[in-house]
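Encoded as structure tokens, the structure appears first; notes follow it.
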Protein chains: 2
Amino acid sequence: MSALTKRIERDPYVSRVASVPEIVDRVDPVVYARPGTTGPLTPEQVAQYDRQGFLEIDGLFDAEELAAMLTELERLQRAQAELDPETLILEPQGQELRSIFAIHTQSRLFARLARDERLVGIARYLLGDDVYVHQSRLNYKPGFFGKEFYWHSDFETWHIEDGMPRMRALSCSLTLTRNTEYNGPLMLIPGSHRRYVRCVGETPDEHYKQSLRKQEYGVPDPDSLRALYEEGGIVAPTGEAGKLIIFDCNVMHGSNSNISPLPRSNVFLVYNSVSNRLVAPFGNKPPRPEFLATRRSYEVLEPVSGRLV
Amino acid sequence: MSALTKRIERDPYVSRVASVPEIVDRVDPVVYARPGTTGPLTPEQVAQYDRQGFLEIDGLFDAEELAAMLTELERLQRAQAELDPETLILEPQGQELRSIFAIHTQSRLFARLARDERLVGIARYLLGDDVYVHQSRLNYKPGFFGKEFYWHSDFETWHIEDGMPRMRALSCSLTLTRNTEYNGPLMLIPGSHRRYVRCVGETPDEHYKQSLRKQEYGVPDPDSLRALYEEGGIVAPTGEAGKLIIFDCNVMHGSNSNISPLPRSNVFLVYNSVSNRLVAPFGNKPPRPEFLATRRSYEVLEPVSGRLV
């Protein structure tokens, strides 16, 4: 038995170790709700989430709530000096704000949103457990100079770098501006959440011919991405502000750059099952800071009902 | 009268001189065909080109011709060693081929395409003159790592860097692969060809607050782009291989990056009126090389009828 096989016996989601990439099947459920139980989603919605790895829901928040969130987003942009500087991410080679992390700890409105029954209810139902916020952020993706996010599974990073044990987390992305085909919308590969791409962990040797391009550490390889694409295609939800996209922690996703004049802003909340709290990172490096991955300060969420404002 | 006003009297398309950008009206016609004359386009197509600055035409080339061009594109990719190395452009930070220039001088098939009556006939009609190839290239835009092209007017560059006197040229882009909303398709701003954005020529002074981002030399500024977008919106022609997009030399266009697995390849031919041949560059720098801008080796095109293969 090779050293790698032994490691995989202990951890089915080993990654960044071998010199060639590999696609394997997911070993965890996607939907943890007990069969027969009812929740905030229709059976069709649950089946779609299970099959695709994501779900779009329009109209959960009304115009006044969306306006309040957009106003808060703009206020936070101006109030950068009052925020934890570590949580502010600028566009590469620019001064424009790309993201603010840990917004559920830095904004009253977004703290309230994080507890909102409309989101927490869905997360608790699909994950079949109490939940807490693993990560939160505002993405500004400004017009003209918004950079691409290359394809990735969030779980691969959260497992290797943060120590999230299993696939029992989901993300809620609520759009605060219009998403069009021109402003670099979120693209997802339906069904990719049922597979797991082990990324390469070292520079491939000379005989590795799958790509002319040097493989990067922790990035899925083109052949695996092409295989996932051929099975599932690409979907890029577009539409007016206020669209909620709920997606599994392991669905492959990314976005192209945005040279259009339209910003593409959203609020992003990751819910993790309390049974799936972080342990030591599986990549054997020190864990990333708390603002990227809640480790010590987790709080089991009690859903709050009613409108945000 | 300021020095700039004097320069503008001599050259209405002065650019890269002032410290603030400016949008002005185009002073040249878009369609040079004499009224009442008929040509290869319908009156509706001519009116659309005049109004939008571009036109899409499907089905001009049949499946066998498209297959031959795709095969030739792939052959040239493998035959790089036989091509003029100056004409090969690689992706930034990669080894993948982005473009081959001067393909009408390096490939028998694309030399034939450049003379094809279906293209030359349209160019001669719209430009109201004999034409020659100002520039030609194959764009490979590979999947996964295709980089964006920021917004630009070709004419601004051709005028300032190559010495093209007036707006009396057009581009033909023939798609050789499928264009989708996911693989960084060409985006155009309808109507932008009727305006001209003078780019800034020096780093703006401290009081210039229109953008936080440092202006780059020869790049249109965000406020002008936003104004053009608000007038015209964005159109990104998508569809199967074989779509011809004819666009005016001054229409504002660009494309986002392409992280999708789908390459986006096309053949690109620029026709210029023989009455509009290059003079000394208006930017007062030495002209760019011949493979980017035909200066000495121009040849008035005699259209060739019949199928390509």
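Quick one: with label points 7 Å out along Cα→Cβ, list the inter-copy distances for residue A:36 in nm, shortest first?
Between copies, matching label points for residue A:36 lie 8.7 nm apart.
Per residue of A:176-183, what is the mean number of Cβ atoms on other protein chains within 10 angstrom of that residue's Cβ?
For peptide A:176-183, the averaged partner shielding equals 3.
Mind pulling the angle between the C-alpha long axis of helix A:43-52 and the longest principal axis of chain A? Nearest 10 degrees, somewhere in 0 to 90.
Compared with the principal axis, the helix lies near 40 degrees.
Per the Debye formula with a single identical scatterer at each Cα and no solvent contribution, what log10 I(q)/I(0) holds for the protein assembly as shown at q = 0.07 Å⁻¹?
-0.51
Tell me the mean residue ellipticity at 222 nm calculated for chain A from its helices only (DSSP H runs of n ≥ 4, each -39500 (n - 2.57), averaged over every residue, nearest 500).
When only DSSP H runs of four or more count, the value is -6500 deg cm²/dmol.
Longer than 23 Å from Cα to Cα, which of B:147/B:285; A:147/B:141; A:141/A:285; B:141/B:285; A:6/A:285 are they? Say none if no pair is.
Table pairs above 23 Å Cα-Cα are B:147/B:285; A:141/A:285; B:141/B:285.
Mind jotting down a quarter of the surface of the convex hull over the alpha carbons of chain B, in square nanometres, one decimal?
If you wrap the Cα atoms of chain B in a convex hull and average its projections, you get 16.6 nm².
For residue A:226 and residue A:285, FRET efficiency with R0 = 25 Å and r from the beta-carbon atoms, rounded to 0.05?
Once rounded, the FRET efficiency stands at 0.25.
How many nanometers, to one decimal and shortest first, lie between the label point of residue A:62 and those of its other copies, if labels sit 7 Å from Cα toward Cβ?
6.2
Rounded, prolate or oblate: which fits the range B:116-188, taking a ≥ b ≥ c as square roots of the Cα gyration tensor eigenvalues, rounded meaning a/c under 1.5, else prolate when a/b beats b/c?
Cα axes put the range B:116-188 in the oblate bin.
Return the FRET efficiency for the residue pair residue A:27, residue B:84: r is the Cβ-Cβ distance, R0 is 56 Å, and the value is rounded to the nearest 0.05.
Working from the Cβ atoms, E equals 0.55.
Most mobile of B:294, B:87, B:71 per a Gaussian network model of chain B (Cα springs, under 10 Å)?
B:71
Treating the angle as unsigned and between 0 and 90°, give the value, to the nearest 10°, between the Cα long axis of helix B:63-78 and the longest Cα principal axis of chain B.
Around 70 degrees separate the two axes.
Quick one: which residues, 5+ away or cross-chain, put their amide H under 5 Å from the amide H of residue A:17? H built at 1.01 Å from N.
A:201
State whether the range A:1-107 is rounded, prolate or oblate according to the following rule on the C-alpha gyration tensor (a ≥ b ≥ c being the square roots of its eigenvalues): a/c under 1.5 gives rounded; otherwise a/b larger than b/c gives prolate, and the remaining case gives oblate.
Since a/c reaches 1.5 but b/c is at least a/b, the shape of the range A:1-107 is classed as oblate.
Give a residue-ordered list of calculated ³J(HN,Hα) values for the range A:26-42 (Karplus: 6.51 cos²θ - 1.76 cosθ + 1.60, θ = phi - 60°; whole Hz; x for Gly, Pro).
Residue by residue, the range A:26-42 yields 5, 9, 9, x, 9, 9, 9, 4, 5, x, x, 7, 9, x, x, 10, 6 Hz.
Around residue B:134, which amide H atoms from residues at least 5 apart in sequence, or from another chain, sit under 5 Å from its own amide H, with H modelled in the peptide plane?
B:270, B:271, B:272
Given the Cα-Cα distance of residue B:295 and residue B:44 and 0.36 nm per residue of separation, how much length would full extension add, in nm?
86.9 nm
Each residue of the range A:251-268 in turn: what ³J(HN,Hα) in whole Hz from Karplus with 6.51, -1.76, 1.60 and θ = phi - 60°, glycine and Pro shown as x?
In residue order, the calculated couplings are 6, 6, 8, x, 7, 6, 5, 10, 8, 5, x, 8, x, 10, 9, 8, 10, 10 Hz.
Rounded to the nearest 10 degrees, what's the angle between the helix B:222-232 long axis and the longest principal axis of chain B, both from Cα atoms, 0 to 90?
Once rounded, one gets 60 degrees.
Using θ = phi - 60° and the Karplus relation 6.51 cos²θ - 1.76 cosθ + 1.60, list the HN-Hα couplings for the range B:138-150 in order, rounded to whole Hz, with x at every Gly or Pro.
Listing the rounded values in order: 9, 9, 8, 4, x, x, 6, 10, x, 8, 6, 10, 5 Hz.
In nm to one decimal, list the spacings between the residue B:84 label point and its equivalents in the other copies, with label points set 7 Å along Cα to Cβ, shortest first.
List, nearest first: 5.8 nm.
Indicate the gyration tensor shape class of the range A:245-309 (rounded, prolate or oblate), computed on the Cα atoms with a ≥ b ≥ c the square roots of the eigenvalues: a/c under 1.5 is rounded; otherwise a/b larger than b/c is prolate and the rest oblate.
oblate
What is the distance in Å between the Cα centroid of the range A:57-100 and that of the range B:65-136?
Cα centroid of the range A:57-100 versus Cα centroid of the range B:65-136: 46 Å apart.
Tell me, rounded to the nearest percent, the portion of alpha carbon pairs in the range A:30-170 spaced more than 28 Å apart.
Result: 29 percent of Cα pairs exceed 28 Å.
Cut-off 10 angstrom, C-alpha nodes, Gaussian network model of chain A. Which of A:150, A:140, A:271 fluctuates the most?
Comparing A:150, A:140, A:271 in a Gaussian network model of chain A, the most mobile one is A:150.
Computed from the coordinates by the stated procedures, all read-outs in this text should not be read as laboratory data. Just so we're clear, the structure is a prediction, and the values are computed from it rather than from any experiment. Reconstructed Cβ throughout: ideal geometry from the backbone, glycine too, with neighbour counts over all protein chains shown.
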